[in-house]
Every structure is written in C-alpha cells, then in structure tokens.
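The values are calculated or read from the model by the stated rules, or taken from the named source; none is laboratory data. No experiment lies behind these values; they were computed from the predicted model shown. Cβ sites come from the backbone with ideal geometry, for glycine too, and all protein chains shown count toward neighbours. Ligands, DNA and RNA are stripped out before the accessible areas are found, and what is left, the full protein with its side chains, is counted by its heavy atoms. Shrake-Rupley method; radii C 1.70, N 1.55, O 1.52, S 1.80 Å.
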Protein chains: 2
Amino acid sequence: MSADKEIELGTELKPKFDENGLIPAIAQDARTGVILMVAYMNKEALDHTIKTGFGTYYSRSRKKLWKKGEQSGFLQKVTQILVDCDQDCIILKVIVDSGQCHNGYQSCFYRALIKGTADQLEFIAEKVFDPSKVYEK
Amino acid sequence: MSADKEIELGTELKPKFDENGLIPAIAQDARTGVILMVAYMNKEALDHTIKTGFGTYYSRSRKKLWKKGEQSGFLQKVTQILVDCDQDCIILKVIVDSGQCHNGYQSCFYRALIKGTADQLEFIAEKVFDPSKVYEK
C-alpha cells in the first residue's frame, strides 16, 4: 500500500497532527450519541488518554495538558477511540456523570441557528449544573 | 454582557474562524447520531450551507468551495446547525442517502483503537458502496 493508502486503509494509528502539533478530538456521549465538546490534543494528550482511559486534551489557552474534569470533577471515561479516514480527527466515545460545558450545559452545543435566519441562535438545552458553584473553588 | 460572554451566551451567530479563515464542522446523521465526517468551512462555505440547506465545506487540498456530494451525488441535507460555546466549532445535523466517506463507508470513522494497544486499529464498519464505481467518472 502507498503511504496515503496505509493511513486511510491500514490498521496502524498514525494521527496527523497539524502544524501546531494538534489534532481535533470530539467527545461523544457513548450512550446517547450526543456530541459533548470538541477540543484539541497534542501527542502527549492522546497518549495520556490511551494510557489512562480518561479524556485528556491540550488547552490552547492555558498551553498545558488538560485532563477534562480536573477542576469540575466531571471526568470523561473513554470507552472507545475512533479515527477518521485520513487520521486527522479523533472521536472519544465517553461516559460522563454530569454536564461537560463550563457554562453548565450537558453539551457545549446548546444553541442552534433559527431556521430562516442567517445569524440568529436559539437555546436548545437547559443547564444541568450551576457553573458558579462548580467552578467557584 | 462582555464580548466573550456575548459569544458564549448570546443569540447571535459569530463564528470564530481560525488564522486560516476556517472553522471545523462536524456532519452528524440527524437520525442515528452517527458522526459521519469532519471538514472545514470558510465563511463562504458556511453562508452557502445556510442559504442552500446543503452541507458545503472548503476543501483545503483543492483550495475551493466543496459542496459535499457534488461528485458522488451523496448530498447532505441539513436539518439543523449547532454551534458550541465559544463558537469555534459547528455541527451540521444532516440527512444522507448513502455513505459519506470516499472510501465507501457510511462514516469516515470506520476504525477504532483496539483496547489494550497504543496504536492498533480495527475496522468497525462495512462498506456501503463501491468507491471505484462512484468516483470512476
């Protein structure tokens, strides 16, 4: 197989990190299929996730490894790791106890575009926790 | 509200395109919740998607607008557009007639990491069409 075919149709994980050394990773609720969040991993974060079984990312704002839930306690227990055809994106199928968005929602995707508009959003979810209590510490 | 709060908790779509003018977009099957593919949109692709109701991306390799399915005929009919808290990622909920991966699978995420290994993948899906027939034209 050619190198490209090997990446697309082979059985070796060869994640394609971008020019910043990052790959996007989607956390998807393993039970409901709801997409909870999208974040980025560097190699260390991916290795840490595989090794520990808990969703771990690289925080671009804090410039450091970020074990999801280290502050809130709302960890992501990883049940499966998927990779796409050209290996430039990852899905973590995760089991979570509580909301994953720092704004208090189960998913970061709590708004949808109102049909017939170009830029008007509506909230499609209710908060599942109070972020002022979870993050006040 | 501060500008950051407005982005996170407001009702105006203000997508945060990256330094290359792109935002990642996840196509998720509206009926099954399966994540079909992840691609990138520039402003034109997002506007085109909103206006036409069909998933349209920006092809980074071909450097041009890419209406998904323009070659295969396997279009993505968009039923809902979601945005995440900091508006740097989009989900298209889509209805599709056939496989979305150019390798013949329903989803681009047709491989999973074998548990207990660091880099060994297994195929978790069967092909739903023959790419050599669809793309031979």
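Listed values, structure above:
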item: Scope the range A:92-104; condition more than 8 Å from chain B (Cβ to nearest Cβ) and without any contact (Cβ under 8 Å) to a residue 40 or more places away in the chain; matching residues; result: A:Asp97, A:Ser98, A:Gly99, A:Gly104
item: Which numbered condition A:Gln76 fails, given (1) within 11 Å of another protein chain (Cβ to nearest Cβ); (2) in contact (Cβ under 8 Å) with a residue 40 or more places away in the chain; (3) under 28 Å from B:Thr32 (Cα atoms); result: (1)
item: Only one of A:Thr52, A:Thr56 that is of a type in the set (Val, Ile, Thr), more than 10 Å from chain B (Cβ to nearest Cβ) and surrounded by fewer than 20 Cβ atoms within 10 Å (Cβ to Cβ); result: A:Thr52
item: Pair list, Cβ under 6 Å, 6 or more apart: the range B:116-137 residue within 14 Å of chain A (Cβ to nearest Cβ), other residue in a helix (DSSP H, G or I); result: B:Ala118/A:Ile50
item: Of the criteria (1) closer than 21 Å to A:Gln87 by Cα; (2) open to solvent by 10 Å² or more (accessible area, probe 1.4 Å); (3) assigned to a loop (DSSP other than H, G, I, E, B), which one B:Glu70 fails; result: (1)
item: Criterion violated by A:Met37 - all others in (1) over 23 Å from B:Glu19 (Cα atoms); (2) surrounded by 20 or more Cβ atoms within 10 Å (Cβ to Cβ) satisfied; result: (1)
item: Filter result for A:Leu65 (at pLDDT 95 or above, within 15 Å of the chain's Cα centre (by Cα) and open to solvent by 30 Å² or more (accessible area, probe 1.4 Å)); result: yes
item: Criterion violated by A:Tyr40 - all others in (1) aromatic (Phe, Trp, Tyr); (2) closer than 23 Å to B:Val83 by Cβ; (3) in contact with a helix residue (DSSP H, G or I) (Cβ under 7 Å, 6 or more places away or on another chain) satisfied; result: (3)
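Table: residues versus (1) open to solvent by less than 10 Å² (accessible area, probe 1.4 Å); (2) β-branched (Val, Ile, Thr); (3) without any contact (Cβ under 8 Å) to a residue 60 or more places away in the chain.
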{"site": "B:Glu8", "(1), (2), (3)": "no, no, no"}
{"site": "B:Thr11", "(1), (2), (3)": "no, yes, yes"}
{"site": "B:Glu19", "(1), (2), (3)": "no, no, yes"}
{"site": "B:Ala25", "(1), (2), (3)": "yes, no, no"}
{"site": "B:Gln28", "(1), (2), (3)": "yes, no, no"}
{"site": "B:Arg31", "(1), (2), (3)": "no, no, no"}
